[in-house]
1. Give all pairs with beta carbons closer than 7 Å in which a residue from region 51-65 that is within 11 Å of Val33 (Cβ to Cβ) and of a type in the set (Ser, Thr, Tyr) meets a residue that is open to solvent by 50 Å² or more (accessible area, probe 1.4 Å) and not in a helix (DSSP H, G or I); count only pairs at least 6 apart in sequence or on separate chains.
2. All but one of (1) in a loop (DSSP other than H, G, I, E, B); (2) among the aliphatic types (A, V, I, L, M); (3) at pLDDT below 95 hold for Leu85; which doesn't?
3. I'd like the full set of residues that are over 10 Å from Ser70 (Cα atoms) and either small (Gly, Ala, Ser) or assigned to a strand (DSSP E or B) (or both), limited to region 33-59.
4. Counting only residues that are open to solvent by 40 Å² or more (accessible area, probe 1.4 Å) and within 11 Å of the chain's Cα centre (by Cα), which one in region 78-109 is nearest to Gly8 (Cα to Cα)?
5. With respect to Thr68, is the statement that it is open to solvent by 20 Å² or more (accessible area, probe 1.4 Å), of a type in the set (Ser, Thr, Tyr), assigned to a strand (DSSP E or B) and touching a Ser or Thr at 6+ places or on another chain (Cβ under 7 Å) true?
6. Looking at region 1-17, which of its residues are outside any loop (DSSP other than H, G, I, E, B) and touching a helix residue (DSSP H, G or I) at 6+ places or on another chain (Cβ under 7 Å)?
Amino acid sequence: QVQFVESGGGLVQPGGSLRLSCAASGSRFRIYVMGWYRQAPGKQRDMVAAITPGGTTNYADSVKGRFTISRDNSKNTLSLQMNSLKPEDTAVYYCNAGGPTSIYWGQGIQVTVSS
């Protein structure tokens, strides 16, 4: 079983940066594909970025070149560095282990990009 504590969200101006962090409990963290998903009001939850246990990454087209996902298996942490933020990045962001059909989700953290 894996549980998460997310941090790092907030309000930022367009063009700014934020770094989201997810601290995971449980010894099985390192075996899962980990990911960040987001859900804007009235929209479905979509994958933003994912990373395999070995470090292979995958990004949504809308964030390629702006966001960077990373993980530290020794510390059970997952991060998302978000640069050049746009208003359309505004959403609740969720940490995930095991993919979209998994039961392992963080509680969600709000990111708002607005001037």
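The values are calculated or read from the model by the stated rules, or taken from the named source; none is laboratory data. Keep in mind it's a predicted model, so treat the numbers as computed, not measured. Quick reminder, even Gly has a Cβ in these numbers, built from the backbone with ideal geometry, and neighbours come from all protein chains shown. Quick note on the areas: whole protein, heavy atoms, side chains included, nothing else; ligands and nucleic acids left out. Shrake-Rupley method; radii C 1.70, N 1.55, O 1.52, S 1.80 Å.
1. Thr52/Val33
2. With respect to (1) in a loop (DSSP other than H, G, I, E, B); (2) among the aliphatic types (A, V, I, L, M); (3) at pLDDT below 95, Leu85 is out only on (3).
3. Listed by number, the residues that qualify are Trp36, Tyr37, Arg38, Gln39, Ala40, Gly42, Asp46, Met47, Val48, Gly54, Asn58, Tyr59.
4. Step by step, filter region 78-109, then rank; the result is Gln81.
5. For Thr68, the condition - open to solvent by 20 Å² or more (accessible area, probe 1.4 Å), of a type in the set (Ser, Thr, Tyr), assigned to a strand (DSSP E or B) and touching a Ser or Thr at 6+ places or on another chain (Cβ under 7 Å) - is not met.
6. Hits for region 1-17: nothing passes.
Table: residues versus (1) of a type in the set (D, E, K, R); (2) modelled with pLDDT under 95.
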{"residue": "Gly26", "(1), (2)": "no, yes"}
{"residue": "Arg30", "(1), (2)": "yes, yes"}
{"residue": "Pro41", "(1), (2)": "no, yes"}
{"residue": "Met47", "(1), (2)": "no, no"}
{"residue": "Val63", "(1), (2)": "no, no"}
{"residue": "Gly98", "(1), (2)": "no, yes"}
{"residue": "Thr112", "(1), (2)": "no, no"}
